[in-house]
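Q: I have a structure here, written as structure tokens, and I will follow up with some questions on it.
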Amino acid sequence: MTDKQVRVRIAPSPSGYLHVGTARTAIFNYLYARHNNGKFLIRIEDTDVSRSDSSLVEPILDALRWLGLEWDEEIVYQSRRLDIYKKYAQKLVEAGAAYHCFCTREELEAEREKARGEKKAPMYSRRCLRMSPEEKKKRLAAGEQPTVRLKIPERDLSFDDMVVGRVSRSSNDIEDFIVARSDGSATYNLAVVVDDHEMGISHVIRGNDHITNSFKQIHIYEALGWEVPRFGHTPLILRPDKKKVSKRLGDKDVGEYQGEGLLPQAMFNYLCMLGWSPKTEREIYSPQELVDLFVEENFNASNAVFNEDKLIAFNKEHIALMSDHDLAVMVAPLLVEAGHTTKYWLETRWEYLREVVGLLKSRVRRVSDFVSLGGYFFDGDFTYDEEARIKQFTPEAGELLGELADAFEQLEKFDHDNIAEALSGLAEKREIKKAKLIHPTRLAVSGMSVGPGLYDLLAALGQLLVVERMRKAADYIKREITTS
Ligand code: GLU
């Protein structure tokens, strides 16, 4: 197996958007493929008509693309392969590895009820395995439509899991499960085995909720005489309250995080650390670094807890690593969408946008924070933060703002040092602390009480706007505060 090409896949069912668990499985498979120069494939498991919704396929693919998980071959859709599965179900019956079962729903329920009464795990009684060939023939000729059950051999199974090590299951614990329904359609386990075989899948990496399926699937591989892939069962992702991550409990899907200003590389990095670790102190890695580091020995078998605060902390670090230019490209449409500016305005002032992004970069946790924390760089139509306004906009501050605006207006060059000097000069002249000028000025030009270093902020905003906004604030104070 080791010298065989690595071919792995992700097999989402389109019954919802891409949730973090499936995204994490996709990332593991992608990294395993890239690290080993293999192929990463996608299969859409859309045979369950009652649960599948074809309109969800594109959003799932979009979310995978957004995470940078480019796949290598044409996508396989199970719904287009139903006849192939049927063929294999028949083949299993012909080979004697599976048999027709005529038991009705009611009969099976009665068996289960009995097992429950005896406090035993429900297992199919194999009643139809013992049915004579003549009787079977007669019932088929009469038009009865049986299911097909795999005949589990009396042999225990073990395999070396890539994540959890050696696992075993007694054949007594696996019933003769159904591989094809009475309408001839294949069940999940048969379809998966047929597809994984025909797609040449070498490694199946998926959540450990599939361990029982893996044992069932190995029985199918063996019945069909096919090579069994290697399995890796990763721990489940749990919520901080230790429940399984689930949409029902309000957990978000990948698309929602995208909409909230998360960077794909941060999501990629964080999810990768849930169930795998590079075994170093460092946590922040680019996708390419993770490709280089992704050795299977570093899977962790213990359950992983998804912590949104930690994800956001990863995001902050990844934002800080991005170039101002790349961030500006992401922020520009958000500013336009929020109505702070227009596309045309930004196109002619790209340098300004880059400078603003650079100033705010260390403060933002999400890409969308650039808009909420920096809208004033593009738009003077803001309100003053209420708490800061009460505290800072005193009659005295109003006068000082007017005076400082005059001093700023005189400056030949409106840069950090000259601004600092002008502000210190006024503080000295008036024998006041610089803070008495700094806080009202920040509030006057940005509407906020916090933000980047004031002198850099003012220099970026520019003399004209700064003076104009300070005078507007001085007027506001005179009008609203001094006279009331
Ligand atoms: N459709 C299955 C799931 O979403 C895929 C399981 C597998 O990888 O075989 O859980």
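Q: Quick one: Cα convex hull volume of segment 263-348, Å³ per residue?
A: Numbers: hull volume 9.4 nm³, N = 86.
Expressed per residue, the convex hull around the Cα atoms of segment 263-348 is 109 Å³.
Q: May I have the count of lysine pairs in segment 191-334 with C-alpha atoms under 23 Å apart, counting pairs 8 or more residues apart or located on different chains?
A: Close lysine pairs found across segment 191-334: 11.
Q: Still on this structure, please answer the following. State whether segment 219-298 is rounded, prolate or oblate according to the following rule on the C-alpha gyration tensor (a ≥ b ≥ c being the square roots of its eigenvalues): a/c under 1.5 gives rounded; otherwise a/b larger than b/c gives prolate, and the remaining case gives oblate. Mind showing how you got there, number by number?
A: On the way: a/c = 2.14, a/b = 1.36, b/c = 1.58.
Oblate shape, in that a/c is at least 1.5 and b/c is the bigger or equal ratio.
Q: Going from most exposed to least, what order do Arg112, Arg149 have by accessible area with a 1.4 Å probe?
A: Values: Arg112 95, Arg149 10 Å².
Ranking Arg112, Arg149 by accessible area, largest first, yields Arg112, Arg149.
Q: Return the tail of the calculated pair distribution for segment 272-428, meaning the percent of Cα-Cα pairs more than 23 Å apart. Mind dumping the intermediate values first?
A: Working: 7399 of 12246 pairs.
Of the Cα pairs, 60 percent sit more than 23 Å apart.
Q: Where does segment 355-424 land on Rg(C-alpha)/(2.2 N^0.38 Å)? Before the final figure, lay out each step's value.
A: Numbers: Rg = 15.0 Å, N = 70, 2.2 N^0.38 = 11.1 Å.
Scaled against compact globular proteins, the figure is 1.36.
Q: In the calculated pair distance distribution of segment 321-363, what percentage of Cα-Cα distances lie above 13 Å? Before the final figure, lay out each step's value.
A: Working: 441 of 903 pairs.
When all Cα pairs of segment 321-363 are counted, 49 percent exceed 13 Å.
Q: When Rg is the radius of gyration of the Cα atoms in the chain and Rh is its Kirkwood radius, what does Rg/Rh come to? Intermediate values should be presented prior to the final figure.
A: On the way: Rg = 32.3 Å, Rh = 27.3 Å.
Using only Cα positions, Rg/Rh for the chain is 1.18.
Q: Continuing with this model, one more query. Sort segment 89-229 into rounded, prolate or oblate with this rule: let a ≥ b ≥ c be the square roots of the eigenvalues of the Cα gyration tensor; rounded if a/c is under 1.5, and if a/c is not under 1.5, prolate when a/b is larger than b/c, oblate otherwise.
A: Working: a/c = 2.19, a/b = 1.40, b/c = 1.56.
The shape class here is oblate.
Q: Kindly identify segment 156-207 as rounded, prolate or oblate by the Cα gyration tensor criterion: order the square roots of the eigenvalues as a ≥ b ≥ c, call it rounded if a/c is under 1.5, otherwise compare a/b with b/c, prolate if a/b is larger, else oblate.
A: Values: a/c = 2.98, a/b = 1.29, b/c = 2.31.
Because a/c hits 1.5 or more and a/b fails to exceed b/c, segment 156-207 counts as oblate.
Q: Something else now. Would you mind checking the radius of gyration and Dmax of segment 389-435 based on alpha-carbon positions, in Å?
A: Cα-based Rg and Dmax for segment 389-435 come out at 11.1, 33 Å.
Q: Calculate how steeply helix 350-360 sits against the longest principal axis of the alpha-carbon atoms of the chain, using the helix alpha-carbon long axis, and give the answer as 0 to 90 degrees to the nearest 10.
A: 80
Q: For helix 82-94, what angle does its Cα long axis make with the longest principal axis of the chain, in degrees from 0 to 90 and rounded to 10?
A: Roughly 30 degrees between the two axes.
Q: Given the C-alpha atoms of segment 25-120, compute the convex hull and give its volume per residue in Å³.
A: Residue-normalised Cα hull volume stands at 210 Å³.
Q: For the chain, what % of the accessible area comes from carbon and sulfur atoms, probe 1.4 Å?
A: Working: 11910 of 24250 Å².
C and S atoms contribute 49 percent here.
Q: Also, quick follow-up: How high is the relative contact order of segment 224-330, given as a whole-number percent (alpha carbon pairs under 8 Å, six or more residues apart)?
A: Details: 85 pairs, mean separation 40.0, N = 107.
Once divided by the residue count of segment 224-330, the mean separation gives 37 percent.
Q: For segment 183-332, what size does the Cα cloud have along each of its three principal axes, sorted from largest down, in whole Å?
A: 57, 36, 31
Q: On C-alpha positions alone, give me the angle between the axis of helix 57-66 and the longest principal axis of the chain, in degrees, nearest 10.
A: Once rounded, one gets 50 degrees.
Q: Please give the per residue accessible area of segment 270-358, computed with a probe of 1.4 Å over protein heavy atoms only, in Å². Write out the running numbers ahead of the final one.
A: Numbers: 4680 Å² over 89 residues.
Spelled out: the 1.4 Å probe surface of segment 270-358, per residue, equals 53 Å².
Q: What percent do you get for the relative contact order of segment 176-290 when only Cα pairs under 8 Å and 6+ apart count? Spell out each step's value before the answer.
A: Values: 75 pairs, mean separation 20.4, N = 115.
Relative contact order for segment 176-290 comes out at 18 percent.
The values are calculated or read from the model by the stated rules, or taken from the named source; none is laboratory data. Given the structure is predicted, the values throughout are model-derived calculations rather than measurements. Areas reflect the complete protein model, heavy atoms only, side chains present, ligands, DNA and RNA absent. Shrake-Rupley method; radii C 1.70, N 1.55, O 1.52, S 1.80 Å.
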